[in-house]
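Novice: So that we are looking at the same thing, I have put the structure below in structure tokens.
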Amino acid sequence: MVATGEQRTYSSVSVSPLSFWATTAEEREESFRLLREHDPVSWQVPLEGSLMPPQQQGIWAVVRHEDIVYVSKNPEIFSSAQGVQQEEVPGDILAAAESFLGMDAPEHSRLRRLVSAAFTPKQVAKIEDQIKNQAEQIVDDLLATGDCDFVEQVSKRLPMWTIYEMMGLDPAKRETAAAAADGMVSWADEDVAAGREPGQVLNESLVTLLSTGMEFAEHRRKNPANDLMTNLVQAEIDGEKLTDEEIGAFFVLLSVAGNDTTRNTITLTMKALCDFPEQRDLLLEDFEGRIDTAIEEFVRWVTPVMTFRRTVTQDTELRGRQISAGEWVVMFYSSGNRDESVFADPHRFDVTRRPNPHVAFGGGGPHFCLGNMLAKTQLRAIFDQLLHRAPKLEVGEPSYLVGNFVRGVKSMPCRLG
Amino acid sequence: MSFKDEDEVARYIGGIFQEAFKDEELGPTLADTGLVVSFRYTEPDAVLTVDMGNHQVYQGERDDVDPSATMYMKAETANAYWQGAVNLPFAIARGKVTVEGNVASLLKLAPLGSKLFSVYTGMLERDGRQDLLVDK
């Protein structure tokens, strides 16, 4: 129900069309800056989707840092259970693809606790060793290859390797699974779709990941090993275990959340370190002392997940706007991470920035990125290798993915110098 | 429980669409999709083709309609599917449902899903077919 008395007019600054998402992040930031200043909770035309017709009259765009944190920390008002993507996705697909990302308490807490239980200290230590070795191997290969596509040769390899190695997935199945994970977030891109309809790309990708995950879970029930999938099938809290379907959906989530996010952060951080060589020098002067602080700036700068959505469970008010139960609120993390009221000189890439309360892993609350430590471990390992062993590495212009969810880079040339 | 023969499949699964076509809201929306979907069931064997644009349901093999997508499954799965108890991506991943043709076109039906499910359960309840109602 729309509150009486309020006229809904769409914001004059629109962030909905796909053409907006085909511009660069810097160009989009100009619109976000205007919205932060003049229309921080704006009523927008439903974001252009390609799967099914919008069922909503509009969406509320939340662009200020403070409001993103508020929405994130009040899940009883801003629910995830009806999906977290800003375009209309069929319910069946949501249920199969979003795992606990698309749930509220108590289901969310139960599933997240079971999954967290699989990350035992022993498993985490093993994963850290794996990541260091993988980063070293990737840079060995880069040095042997020479000038190449950085995405293909470096940033794409590490997250896929990390995720599927820790899961224990058969190496022969990893490429297919990673390609499907790409399809899950890039159905709107013409190159990825290659003539297929967006819904077909999404469905094929989803079914591939689900069947891989469920078959793998069945396999590990019968043939346990020392890996995360074994821990997942064995995880038990208060007599409850995960079903193969739940593990299948989690496998989808892990494949998507673990692949693209870190990949694009590695790519665009490398670009930033090339664009701002004085920051690269500053980091290298004391790598061990500065890398942890720098990583926070890497993820703020890149903001690999640009948006997440919530559905309002009860009539509420935000910055004087009356929001009705059932309406959609979309958080624009890219905007929150450039909010001038929180970050001094927000357009400056500063590897020593402190404090750095970015919202790149989410604005807090129950859905804060479960994989944030894993991502940081990967970023530390790969930049340790890259900056020390390929000191003259330079990159060219990235080719961006068109989409309103992850900030993706399809390719980016690099020269070893 | 499942259906006894193709006629019963046509009566109930076909009936969902025949009833929905008459509905003020669902009728035009289904027509607007312009979809032609074929359902090929086993146990019992049954073929239904639904031409949404022309509000027609055909029983049995037809050469004169060209479906945009064909869905294969057991009749028992179809019964559960139309009550909203089958998740399509999971069912495809498990091999319980196979889709040939344009899967994306089926997504056009997604927003109507819950309404079509109520049409179906309403029919079953009206006919006293508790044997076909599934627990969700």
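The values are calculated or read from the model by the stated rules, or taken from the named source; none is laboratory data. As the structure is a computational prediction, the values presented were derived from the model and not from experiment. Virtual Cβ from ideal backbone geometry, glycine too; neighbours counted across all protein chains shown. In case anyone asks, the SASA skips ligands and DNA or RNA and just uses the protein heavy atoms, side chains included. Shrake-Rupley method; radii C 1.70, N 1.55, O 1.52, S 1.80 Å.
Novice: Report the residue count in region A:143-161 for those that are open to solvent by less than 50 Å² (accessible area, probe 1.4 Å) and either free of Cβ contacts under 8 Å to residues at least 24 places away in the same chain or assigned to a helix (DSSP H, G or I) (or both).
Specialist: Step one: list which residues in region A:143-161 are open to solvent by less than 50 Å² (accessible area, probe 1.4 Å), which gives A:146, A:148-151, A:153-155, A:158-160.
This time we only want the ones that are either free of Cβ contacts under 8 Å to residues at least 24 places away in the same chain or assigned to a helix (DSSP H, G or I) (or both), so: A:150-151, A:153-155, A:158-160.
Final tally of qualifying residues: 8.
Novice: Open to solvent by 40 Å² or more (accessible area, probe 1.4 Å), out of contact with any Pro (no Cβ under 8 Å at 6 or more places or on another chain) and not in a helix (DSSP H, G or I): does that describe B:Glu76? Break it down into steps so the answer makes sense when it comes.
Specialist: Numbers: open to solvent by 40 Å² or more (accessible area, probe 1.4 Å): yes; out of contact with any Pro (no Cβ under 8 Å at 6 or more places or on another chain): yes; not in a helix (DSSP H, G or I): no.
For B:Glu76, the condition - open to solvent by 40 Å² or more (accessible area, probe 1.4 Å), out of contact with any Pro (no Cβ under 8 Å at 6 or more places or on another chain) and not in a helix (DSSP H, G or I) - is not met.
Novice: Among the residues of region A:60-74, are any without any contact (Cβ under 8 Å) to a residue 40 or more places away in the chain, closer than 30 Å to A:Ala180 by Cα and either of a type in the set (Phe, Trp, Tyr) or touching an Asp or Glu at 6+ places or on another chain (Cβ under 9 Å) (or both)?
Specialist: Quick first cut of region A:60-74, residues without any contact (Cβ under 8 Å) to a residue 40 or more places away in the chain only: none.
No, that holds for no residue.
Novice: State the number of residues belonging to region B:82-117 that are under 22 Å from A:Ala249 (Cβ atoms), more than 10 Å from chain A (Cβ to nearest Cβ) and not in a loop (DSSP other than H, G, I, E, B).
Specialist: 2
Novice: OK, next. Suppose we filter region A:39-66 for residues that are open to solvent by 10 Å² or more (accessible area, probe 1.4 Å) and within 25 Å of A:Gly364 (Cα to Cα); how many remain? If you could, list the steps in order and put the result at the bottom.
Specialist: Initially, region A:39-66 is screened for residues open to solvent by 10 Å² or more (accessible area, probe 1.4 Å), giving A:39-40, A:43, A:45-46, A:48-57, A:64-66.
Adding the requirement that they be within 25 Å of A:Gly364 (Cα to Cα) leaves A:39-40, A:43, A:64-66.
Number satisfying all stated conditions: 6.
Novice: Within region A:1-11, count every residue that is at pLDDT 95 or above and either open to solvent by 70 Å² or more (accessible area, probe 1.4 Å) or within 14 Å of another protein chain (Cβ to nearest Cβ) (or both).
Specialist: 1
Novice: Report, ordered by the first and then the second residue, all pairs with beta carbons closer than 9 Å, sequence separation of six or more or different chains, a first member in region A:13-26 that is more than 20 Å from A:His38 (Cβ to Cβ), and a second member that is among the basic types (Lys, Arg) and surrounded by 16 or more Cβ atoms within 10 Å (Cβ to Cβ).
Specialist: Short answer, once both residue conditions are applied: A:Trp21/A:Arg28; A:Ala25/A:Arg407.
Novice: Restricting attention to helices (runs of 4 or more DSSP H) lying wholly within region A:177-242, give those where 3 or more residues are away from chain B (no Cβ under 14 Å) and without any contact (Cβ under 8 Å) to a residue 40 or more places away in the chain.
Specialist: A:198-222
Novice: Sort out for me the helices (runs of 4 or more DSSP H) sitting completely within region A:20-107 that have 1 or more residues that are more than 14 Å from chain B (Cβ to nearest Cβ), aliphatic (A, V, I, L, M) and within 20 Å of the chain's Cα centre (by Cα).
Specialist: A:25-38, A:65-73
Novice: Does at least one position in region A:14-22 carry a residue that is open to solvent by less than 80 Å² (accessible area, probe 1.4 Å), within 14 Å of A:Gln86 (Cα to Cα) and β-branched (Val, Ile, Thr)?
Specialist: Yes, region A:14-22 contains a residue that is open to solvent by less than 80 Å² (accessible area, probe 1.4 Å), within 14 Å of A:Gln86 (Cα to Cα) and β-branched (Val, Ile, Thr).
Novice: Can you tell me which of (1) away from chain A (no Cβ under 13 Å); (2) at pLDDT 95 or above is the one B:Asp66 doesn't meet?
Specialist: Here B:Asp66 meets the rest and fails (2).
Novice: Let me ask you something else. All but one of (1) of a type in the set (Gly, Ala, Ser); (2) within 24 Å of A:Ala360 (Cβ to Cβ); (3) out of contact with any Phe, Trp or Tyr (no Cβ under 6 Å at 6 or more places or on another chain) hold for A:Ser99; state the number of the condition that does not hold.
Specialist: (3)
Novice: (1) more than 24 Å from B:Gln130 (Cβ to Cβ); (2) in contact with a strand residue (DSSP E or B) (Cβ under 6 Å, 6 or more places away or on another chain): which one isn't true of B:Glu43, the others all being true?
Specialist: Result: B:Glu43 passes all but (1).
Novice: In a helix (DSSP H, G or I), open to solvent by 70 Å² or more (accessible area, probe 1.4 Å) and free of Cβ contacts under 8 Å to residues at least 60 places away in the same chain: does that describe A:Asp140? Outline the logic, then answer.
Specialist: Values: in a helix (DSSP H, G or I): yes; open to solvent by 70 Å² or more (accessible area, probe 1.4 Å): no; free of Cβ contacts under 8 Å to residues at least 60 places away in the same chain: yes.
No; evaluated as a whole, the condition is false for this residue.
Novice: A further question on this structure: Tell me which residues, restricted to region A:310-347, are open to solvent by less than 30 Å² (accessible area, probe 1.4 Å) and more than 15 Å from A:Val15 (Cβ to Cβ).
Specialist: A:Arg310, A:Thr311, A:Val312, A:Thr316, A:Leu318, A:Ile323, A:Ser324, A:Glu327, A:Asn337, A:Asp339, A:Phe343, A:Pro346
Novice: Can you tell me how many residues within region A:243-266 are in contact (Cβ under 8 Å) with a residue 24 or more places away in the chain and over 14 Å from the mean Cα position of the chain (by Cα)?
Specialist: Residues of region A:243-266 that are in contact (Cβ under 8 Å) with a residue 24 or more places away in the chain, as a first pass: A:244-266.
Of the ones still in play, those that are also over 14 Å from the mean Cα position of the chain (by Cα) are A:244-251.
Residues in region A:243-266 being in contact (Cβ under 8 Å) with a residue 24 or more places away in the chain and over 14 Å from the mean Cα position of the chain (by Cα): 8 in total.
Novice: Please tell me if B:Gly27 is on the phi > 0 side of the Ramachandran plot and not hydroxyl-bearing (Ser, Thr, Tyr).
Specialist: Working: on the phi > 0 side of the Ramachandran plot: no; not hydroxyl-bearing (Ser, Thr, Tyr): yes.
Against the criterion (on the phi > 0 side of the Ramachandran plot and not hydroxyl-bearing (Ser, Thr, Tyr)), B:Gly27 does not qualify.
Novice: What number of residues within region B:82-121 satisfy the criterion of being open to solvent by less than 20 Å² (accessible area, probe 1.4 Å) and among the hydroxyl-bearing types (Ser, Thr, Tyr)?
Specialist: 2
Novice: Kindly provide the set of residues from region A:255-300 that are touching a His at 6+ places or on another chain (Cβ under 9 Å), open to solvent by 10 Å² or more (accessible area, probe 1.4 Å) and charged (D, E, K, R), ordered by number.
Specialist: If the condition is that a residue be touching a His at 6+ places or on another chain (Cβ under 9 Å), open to solvent by 10 Å² or more (accessible area, probe 1.4 Å) and charged (D, E, K, R), then A:Glu296 is the only one that fits.
Novice: Among the numbered criteria (1) within 13 Å of another protein chain (Cβ to nearest Cβ); (2) in contact (Cβ under 8 Å) with a residue 24 or more places away in the chain; (3) not in a strand (DSSP E or B), which one does B:Leu124 miss?
Specialist: (1)
Novice: Please give the number of the condition A:Glu87 fails out of (1) open to solvent by 30 Å² or more (accessible area, probe 1.4 Å); (2) touching a Gly at 6+ places or on another chain (Cβ under 7 Å); (3) under 30 Å from A:Glu340 (Cα atoms); (4) not hydrophobic (A, V, I, L, M, F, W, C).
Specialist: Unmet for A:Glu87, out of (1) open to solvent by 30 Å² or more (accessible area, probe 1.4 Å); (2) touching a Gly at 6+ places or on another chain (Cβ under 7 Å); (3) under 30 Å from A:Glu340 (Cα atoms); (4) not hydrophobic (A, V, I, L, M, F, W, C): (1).
Novice: Using the structure shown, decide if B:Asp131 is open to solvent by 40 Å² or more (accessible area, probe 1.4 Å), part of a helix (DSSP H, G or I) and away from chain A (no Cβ under 14 Å).
Specialist: So B:Asp131 passes the test.
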